[in-house]
Amino acid sequence: AQAILAQVPLLGLHASLPPDHIWSSRHSSEAMARRYDSRTTTFSPEGHLYQVEYAMEAINLAGSTIGVLAEDGVVLAGEKKNTSKLLDQAKQHEKIFQLDDSMFCAVAGISSDANILINRLRLTAQQHVYTYSESQPVEQLVTSICDYKQGYTQFGGLRPFGVSFLVGGYDVHHGFQLYHTDPSGNFSGWKAYAIGVNNNTAMQVMRQDWKEGLKVQEALELTAKVLTKTMDTASPTAERLEFGVVEKTPEGQVRFRMLKDAEINKLMADAAPKEGEEEKAQ
């Protein structure tokens, strides 16, 4: 009885609260939830940094970007979103960028963010050459840019870079290497990796078909096969694709080159499923 009597004043008090007071308390709780959503530097009660996670989600909307590590090289390829015939392709790249003689990267995400980071990567690589008279190790360059990206998740007034890289290259310490970086500042080394739209499908194909001892030509063919699975067109051509490779020449020199349109078109034509194969698959 005493417990019931003790509750009566409380019930009466709650009943006497005006409706607008109850609405304002609900509104304030929703505002509290949104606070964790909008600030880069504030953890949510569940341990999330939502703006960093949203930046990582933005990468999944970008064109398919594929990297494959081979025994004698690294292949990167990307799907271009801007394919106007009026665009001067000789003066503009959207997906593949050279960093120095033995390193290059593929981009997925906001191009303007990528341009800032690519300029920083190039500057860092050349400062190392100037100081030590040798090319910078690939992992050291990747670490430097990821440290920079991580700083943009830790200080107020900044937003994360909405871009991920696949960085491929060669150094004398570890040979050919492939790395992935994301907006949080994390990076990881891979034998084959995909970012952008339909990346889960791409990873599934590469898990099945990638093998040790892969040569550059086989890596190019695997990349083309993956792109036929992930792109939204049945017959992708060089108009929508960029391919780059770092490889060793017969003389033992490491070089970077972009594939010409004719090479890309042949790769994609060979990788496209034939009519008979499509019927068998069905």
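The values are calculated or read from the model by the stated rules, or taken from the named source; none is laboratory data. Just so it is clear, the model here is predicted, and its values are computed rather than measured. Accessible surface is based on the protein model in full, side chains and every heavy atom, while ligands, DNA and RNA are left aside. Shrake-Rupley method; radii C 1.70, N 1.55, O 1.52, S 1.80 Å.
Quick one: of 229/266; 149/225; 81/211, which pairs are farther than 27 Å apart, Cα to Cα?
The pairs that break the limit, which is 27 Å between Cα atoms, are 149/225; 81/211.
List the lysines whose alpha-carbon lies under 19 Å from that of residue 85, not counting same-chain residues fewer than 8 positions away?
The qualifying lysines are 95, 260.
How large is the translational diffusion coefficient of segment 54-150 in µm² per second when you combine the Kirkwood radius over alpha carbon pairs with Stokes-Einstein at 20 °C and 1.002 mPa s?
Values: Rh = 14.9 Å.
For these conditions, the coefficient is 143 µm²/s.
Of all the accessible heavy-atom surface of segment 183-282, with the other protein chains kept in place and a 1.4 Å probe, what percent is carbon and sulfur? All intermediate terms of the calculation are to be shown ahead of the outcome.
On the way: 2700 of 5810 Å².
With neighbouring chains kept in place, the figure for segment 183-282 is 46 percent.
Let me make sure I get this right: for segment 75-215, a, b and c are the square roots of the gyration tensor eigenvalues over alpha carbons, sorted descending. Under 1.5 in a/c it's rounded, otherwise prolate if a/b > b/c, else oblate. Which is it? Don't jump to the answer; show the numbers that get you there.
Numbers: a/c = 1.26, a/b = 1.06, b/c = 1.19.
Judged from the Cα gyration tensor, segment 75-215 comes out rounded (a/c under 1.5).
Just read off the accessible area of residue 216 with the full protein assembly in place, 1.4 Å probe, to the nearest 10 Å².
In the full protein context, residue 216 sits at about 10 Å².
Taking a ≥ b ≥ c as the square roots of the eigenvalues of the Cα gyration tensor of segment 34-73, is the shape rounded (a/c under 1.5), prolate (a/b larger than b/c) or oblate?
Details: a/c = 5.14, a/b = 2.72, b/c = 1.89.
Since a/c reaches 1.5 and a/b is larger than b/c, the shape of segment 34-73 is classed as prolate.
What is the distance in Å between the Cα centres of segment 167-208 and segment 116-145?
19 Å
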